[in-house]
Every structure is written in C-alpha cells, then in structure tokens.
1. When segment 390-415 is examined, which residues are found to be under 14 Å from Gly348 (Cα atoms) and crowded, with 21+ Cβ neighbours inside 10 Å?
2. In segment 211-237, how many residues are within 22 Å of the chain's Cα centre (by Cα), under 16 Å from Arg168 (Cβ atoms) and surrounded by 21 or more Cβ atoms within 10 Å (Cβ to Cβ)?
3. Can you name the strands (runs of 3 or more DSSP E) wholly within segment 36-136 that have at least 2 residues being of a type in the set (A, V, I, L, M, F, W, C)?
4. Identify all residues within segment 301-340 that are out of contact with any strand residue (DSSP E or B) (no Cβ under 7 Å at 6 or more places or on another chain), farther than 14 Å from Val38 by Cβ and without any contact (Cβ under 8 Å) to a residue 60 or more places away in the chain; write none if there are none.
5. Which of the residues spanning segment 525-544 are more than 28 Å from Gly414 (Cβ to Cβ) and within 23 Å of the chain's Cα centre (by Cα)?
6. Within segment 243-261, is even one residue part of a strand (DSSP E or B) and of a type in the set (Val, Ile, Thr)?
7. When you scan segment 192-219, how many residues do you find that are under 15 Å from Leu287 (Cβ atoms) and hydroxyl-bearing (Ser, Thr, Tyr)?
8. Please find, among Leu108, Leu102, Leu134, the residue that is at pLDDT below 95 and in the same structural domain as Ala308 (by TED's automatic domain parsing).
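The values are calculated or read from the model by the stated rules, or taken from the named source; none is laboratory data. Quick caveat, the model's predicted, so the values are computed rather than measured. Reconstructed Cβ throughout: ideal geometry from the backbone, glycine too, with neighbour counts over all protein chains shown.
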Amino acid sequence: MCKKYFVMETVLVILATFALSSFASPCEVCSTLTWQEVTASPKSGGYGQALLGTGDALYLLRAWSTGSWHFWRYDPESATWQTLTPPPERPKNGTAMTWDGLEHIYVLLGGAYDDRGRRFFYRYHIASNSWERLADTPGDQGAGNAITWSFYDSRIYAFIGHEKLGSRFASYDPKTNKWKLLTMPAGWNSTDDGASLVWAGGPYLYALRGEYDETRPAGSFARYRIDTQTWERLSDLPDPAGVGDGASLLWIGYWVPQLAPYVFALGGGGAREEPGYSFFVFDTYRLSWARLADLPCPVGQYNGNRLAYAAGALWYWQGAPSTWSCGGTKIFRAPICISVDSASQYLGATAIIIGVVAGAQRMPDGSVHLNLRKSNSEQTLLVLITGDKATAFDSKMGWEWETKLIGARICITGQVQKSYDQLYVALGEPEQILPIAIPAAMASQYYGQEVWVYGIVASVKRIESGTVFLNFIRPYPEQVFTIMVDKKYAPLFDQRFGPQWERGLVGQIVCVYGLVKEYQGKPEILPTDPTQLRSAALGVSCPEICPRR
C-alpha cells in the first residue's frame, strides 16, 4: 500500500465510499509491469544464496564454496546496503529463506551434493541482528530445498534434499520447535535446482519441483492443500527450457490484496544451464499460466530465490556469474504503485499512481480537473473527469467533493496519456480513485483515525454471547490486530454473509474500514455494518488499494 497520510475526516469518508467496489482487472497491472534498474548487489552470485523481501526491505544472503559469507539488508527508501551478522554456518547450495510476517527470518542453509548429515536450520531476529539455531531438519539438505511461511496455520513448510539423495516434504511448528514429515507429491521422488515453495492465501501452497533431470526440460508444478494434506498436480510452468537455477515463486497478496489471485514466477536457467530471462504469472483462480515480458538481465547458474516484494514494487536480483551479461549483480524493480514523478515513464500503460492533490476545479462544461503535484517541479499530472462521467462521482461523493481532496494524498489507477505537453489520466468510474490502506501490523500507528486496514486472519472465535473476533497475523492471544463484531451487530453480518461466516476466513485476506481503537495495548476496529468488512472469501473482494511505497 502507499503510505497513509492524515487528512480530514471528510476526505476519509470520501475514500471509504470510493472503496465500496473494485475497478481494475489485476491482469492489467501484471501485463504492464516494467523493470527498472535500481542498484547492484555488493557481490555477484554464489553457491549459497537467496533473496527475501519483507515489504519494507530486501535481505540478501550470499556465499561461495570458500572464504567468508555475507548477509545484507537493502533499504529501498535510502537506496543503501547494510551489512548484517551472517549465520554461524556457511550457506550452501539450496539456501532458502522465509519471513514470518513480523520479526523473524527462517533459513535453510543447504548442502553440497556430496555432503551428508548437513541439516542446519536457523532463525534470524531482525531487531537484534542475531541468529538462533533451531531443530535440525528431518533430512539432509541440498539443492532441492525450498521454504515458505504459512499464515493459514502459522507454520513453516519445506522441501528438503536433492535429486541424488531424494527429498522430503515437512512442516515446522515454531511453538514446539519440531518438524513433522508429510507426503510428497505423487511422482516427485526428489526436488532439485530451482525448487520453490510459496503460500498463496487460504489453505494452499504452490510448488515448483525444480531441475530434477538435467537431460530433459521440466516445469513440474503442483499445489498442496494444508487442511486436507493432499497434493494436486497443475499445468507445468510453460518455459520450453524447463525450470532451472534461479527459478522462483512469489506471492504478494499479503501486501497487495488485489493481486492475491496471482503467483509470480521466474523460470531460471533451465535444464541446459543457460541464462534465463523468462517471467510468468500464474492465476490461482483459473489455474492457468501467462508469460510476461522477459527480464532485462539473465538469472541462472547459481541456485536460490531471486524474486521479492518491497516498497510497492516487485524486485529481482540477477545473482549470476560475473562473466554473464550485466555482470551478475544487477537488481531491478517493477513498481506496482508509482509516484507522480515517474508517470511519464508509463505513457500508454495502465498504472497505479500516488500524488498530492494540489488543486481542483470544476469547469463550465461540468468536467472536473484534479492536479497532482510533482515533488521536483511545478508541473502536474492532470486527472480528468469529463462532464458526462462527473455525475457518477457526484452521486457517490456529494456536491463539491473535489475541493475536499485538496491537500490530500491519493492513489488513482488508469492509463497515462498525453495531450501536447500535458500528462493526464482520464477517470470513468469513482472506483479508479483507490483508498489508501494500511497493513494490520501497522494499525497501532493510527489510533483515533478512520482507515482501511487489511491483513491475513490467523484465528477466529464466536463467544457464547454472539460477539465475533477476527485475529490477524498471529492467533489469539498473540494477534497484532483484531476485528470485533459486537453481539448487537453480529446478526447483521450473519444475514449478509451467512451463519458462521467467520469460520471460512482463517488464512484469508480481510479488509475492514473504521476507527482504530486501543484495547489492552493492541489495535482493533469494531465494525457495525457489513459494508465495512470485505474479503474474497465472503464474496465481496477487498477494494483495490495503493501498494505501500
């Protein structure tokens, strides 16, 4: 989401009304993603590496077969690298990282093909910059490692092993520090280079098997249902070269609810170990793949995840040999939410744009003009609402709604166009002005303010009196945010969503609009009307929001 700035209550009401239905097809955003070179990593690729995004930063772990190994944090806001304490043991082939949504990064440290008994599993505490060794994995690690955190049950899931030793699929419970072996997908005796695993909302994990046969291209892809502990084979990743080193899966629904149906993927270097440029998106609703524009610099040769999300953008790290095109160090981003300063770079494309309303004017022909101020000049991006379209905005927002937005930071979505020297976006529907929302983990910063809050539900409970509780990120009593539907209003929600509607929300993205209050040191919102609560699992999708920059 884009950073929320305090504005007057009337503006918040306007933005809440805008959010009552969604507008753009997420595929439009996917198909217009544009990679921009941003920086370079301190070193090129190596034999024990992985990239991870935590929404506000990138973490890069990188090693070589000899010498020292390194762990860095990249801050997108300041464009700086910070050297962190590396793990006590050397990362090797199959190094994989996942984030628990709050304060820890969990790491599998991999293993060489001739290693035996290497089962290192560590947890990194972000705030203290310190490492803790956890229970060894229930199998030797290697090139086929992959790992993901599941908000559905607050557990970790992982592939462990490689094609020579075979692989295992297991879950890890942080509360007990214990692993549990689970069933591998049918026919998947092993995983290898390019294996990847990602949780993508609700009870589902998605998995790439990797380059298990280096003589034959393969894109084996499957999904796992956590509550039934069953696997389902899906259509292969459609890269003719097959999956290889650098193949990656990424789900960003945690940060961008309107893209929750999609999993992004890199094909990697393929079975022939050639430079890989392929970039895909998988639709989890239609169970189909689409190929997106190729990467500007190739990935491959070395194993490890290359995709991440931070600061309103997708990121990828080349992580390749220094002798390859682009030198192996390049890092690119593809903004999902762009600043008005960058609008000219998206001429002809559909984009989500954030800016401050510097002025508003209703013209004699009934059209409405909003001027979005650029930070580095007096030039503006014109938001144009023609007279025949303005009526729809007036009916939702009331008379002179446009003047109430002056000074407010807003997000819009639409096609960037140009007339003479003026950049503009023409809006046809009120829903093209997106609400600025905040993640549940940040809700405590907005006490006393009416905002949209979104996040993943970790547990639910309906007590005897009829009051309903939705707990976010972690189950009660470790939740970071709560929605409480008082018994007085619960019948309204039952009538709208059906009896026991809350039971289907565990692991789902839920959005709520209301006043953030504090209760026993934690933030909560108490909705009184069903229109304040939205989730695809309830049949009313979250409004499109502006991803955080």
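1. Thr413, Gly414
2. Within segment 211-237, residues that are within 22 Å of the chain's Cα centre (by Cα), under 16 Å from Arg168 (Cβ atoms) and surrounded by 21 or more Cβ atoms within 10 Å (Cβ to Cβ) number 1.
3. On the way: elements: 36-40, 48-53, 58-63, 70-75, 80-84, 96-99, 104-108, 121-125, 130-133.
Qualifying strands (runs of 3 or more DSSP E): 36-40, 48-53, 58-63, 70-75, 80-84, 96-99, 104-108.
4. Filtering segment 301-340 down to residues out of contact with any strand residue (DSSP E or B) (no Cβ under 7 Å at 6 or more places or on another chain) leaves 301, 303, 311, 321-328.
Those left that are additionally farther than 14 Å from Val38 by Cβ: 301, 303, 321-325, 327-328.
Hits for segment 301-340 are Thr323, Trp324, Ser325.
5. Of everything in segment 525-544, just one residue is more than 28 Å from Gly414 (Cβ to Cβ) and within 23 Å of the chain's Cα centre (by Cα), namely Ala537.
6. Taking segment 243-261 as the starting set, the residues that turn out to be part of a strand (DSSP E or B) are 248-250.
Subset that is of a type in the set (Val, Ile, Thr): none.
There is no residue in segment 243-261 that is part of a strand (DSSP E or B) and of a type in the set (Val, Ile, Thr).
7. 2
8. Matching residue, one of Leu108, Leu102, Leu134: Leu102.
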